[in-house]
Amino acid sequence: MMRFFQGLLFLGTALVLPCACGQEDGVEQSVPAQAVDFSKRFSILLSGKTIHVQVALTDLETTRGLMGRKALDADEGMLFLFPHSQQRGFWMRNVPINLALGFFTTDGRLDEVKTLFAENPETVPSRSNEIRYVLEMREGWFDANGVHPGAMLDMQTVRTAVRARGFKVENFLGNTAP
């Protein structure tokens with residue numbers, strides 16, 4: 001449900017302010033003027049394990065997520081980065097595969113993992129209101145790879161992906177940005 005309302009908000013903003021940068025809670029996202037290839041995968045380290053993820057940064061990307069994807073490779077997923085911490089909720093409308101969802105705090109620490117079931121329109125919320133990053137992987141990926149709460153994202157590899165997308169690192173990585 002949260003993604004639906006974010007999508008409506010983004011669409012309304014896009015119709016009123018057609019420009020190459022966006023605002024969320026007063027934080028300029030600094031979207032590059034050139035077209036961004038959202039389909040590009042980035043190698044991110046999580047507890048020493050390399051994963052290959054799409055990095056969702058804009059409202060449109062976070063709303064779309066993995067909709068329509070029928071499969072993910074073994075170490076493939078999507079990493080959602082948000083400009084501030086809060087309780088996060090995700091749903092599975094138009095996502096035909098089960099997923100594992102990891103909720104991460106601002107410092108990149110895995111707080112909890114939940115399973116999301118295909119096509120389930122119910123929002124699955126985080127327990128914590130300190131969630132800044134969310135990682136979607138294949139169902140069972142976290143257990144199969146021994147990645148449990150307390151595991152850490154390598155924030156340097158996350159910084160590299162944000163920069164490669166042409167966004168300002170400080171808008172997404174809080175206190176972890178140099």
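Here are a few things to note about the model shown:
- Selection within the range 78-105 - surrounded by 15 or more Cβ atoms within 10 Å (Cβ to Cβ), free of Cβ contacts under 8 Å to residues at least 60 places away in the same chain and part of a strand (DSSP E or B): MET78, PHE80, LEU99, ALA100, LEU101, GLY102, PHE103, PHE104, THR105
- When the criteria are applied in full, VAL162 fails the requirement of being within 16 Å of LEU45 (Cα to Cα) and part of a loop (DSSP other than H, G, I, E, B).
- Qualifying residue in the range 106-115 (condition: assigned to a loop (DSSP other than H, G, I, E, B), within 14 Å of the chain's Cα centre (by Cα) and over 18 Å from GLY65 (Cβ atoms)): yes
- Of all residues in the range 133-160 being over 18 Å from ARG109 (Cα atoms) and surrounded by 16 or more Cβ atoms within 10 Å (Cβ to Cβ), the one that is nearest to the chain's Cα centre (by Cα): ARG138
- Cβ pairs under 6 Å, 6+ apart, first in the range 53-77 and in contact (Cβ under 8 Å) with a residue 12 or more places away in the chain, second surrounded by fewer than 18 Cβ atoms within 10 Å (Cβ to Cβ) and in a helix (DSSP H, G or I): ASP59/GLN6; THR63/GLN6; THR63/GLY7
All of the numbers you see were taken from the coordinates with simple rules; none came from a lab. Values in this document were obtained by computation on a predicted structure and should not be read as measured data. Positions of Cβ are generated from backbone atoms using ideal geometry, with glycine treated the same way; all protein chains shown enter the neighbour counts.
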